[in-house]
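Remarks on the structure that follows.
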Amino acid sequence: MYQSILVPYDRSEHAKHALSAALELASTSFEGKVTLLYVAELPDFDDPTFEAAAQMAGVARVSQEDSLAAQREFYERKKKDLIADAKSIVGDFTQVVYRVTSGKPHDAIVEFAETGQFDLVVMGNRGLGALRGALGSVSYAVLRSVDIPVLIVK
């Protein structure tokens with residue numbers, strides 16, 4: 001039924017339920033694929049605080065190459081953490097792609113969903129707040145911002 005499912009994943013229990021639901025949906029399709037998307041808060045490597053910490057560590061100036069290398073290492077570490085965290089849920093399902101990006105969760109998820117390669121977004125729901133809490137602020141924002149189906153899982 002669904003060939004390509006995007007699951008925004010923040011390691012919460014709600015996200016784990018969403019991942020389980022997405023895997024179940026994807027397993028009904030011969031070529032079903034699930035993409036796990038973790039939105040990380042990327043440290044600002046150009047921030048003066050980062051530079052000051054580097055100087056305290058004995059680095060006179062952080063080069064652009066070092067800054068890019070630190071960013072790559074950051075993303076690789078977050079991806080390894082994501083894989084390790086989801087391993088017990090994913091099990092032996094082989095059609096899983098792991099992605100890490102940065103930015104505001106709503107914006108990053110919508111941008112990823114709008115690439116055209118997904119036919120469903122499956123999200124967890126925390127249910128915080130009054131009106132927004134009916135679905136959750138991020139899930140509600142994604143639901144009203146994308147043109148593909150969104151399944152909200154409790």
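What follows draws every value from the coordinates through simple rules; no lab data is involved. Worth saying up front: this structure is predicted, and the values here are computed from it rather than measured. Backbone-built Cβ (ideal geometry, glycine too); neighbour counts: all protein chains shown.
Calculate, for Ile83 and Ser145, the FRET efficiency according to 1/(1 + (r/R0)^6) with r their C-beta to C-beta distance and R0 30 Å; round to the nearest 0.05.
0.60
Please compute the Kirkwood hydrodynamic radius of segment 58-109 from all pairs of different C-alpha atoms, in Å with one decimal.
Details: mean 1/r = 0.0745 Å⁻¹.
The answer is 13.4 Å.
Mind checking which lysines have their Cα closer than 24 Å to the Cα of Lys87? Skip sequence neighbours fewer than 8 apart in that chain.
Counting by Cα, and skipping residues close in sequence, Lys87 has these lysines nearby: Lys16, Lys33, Lys78, Lys79, Lys154.
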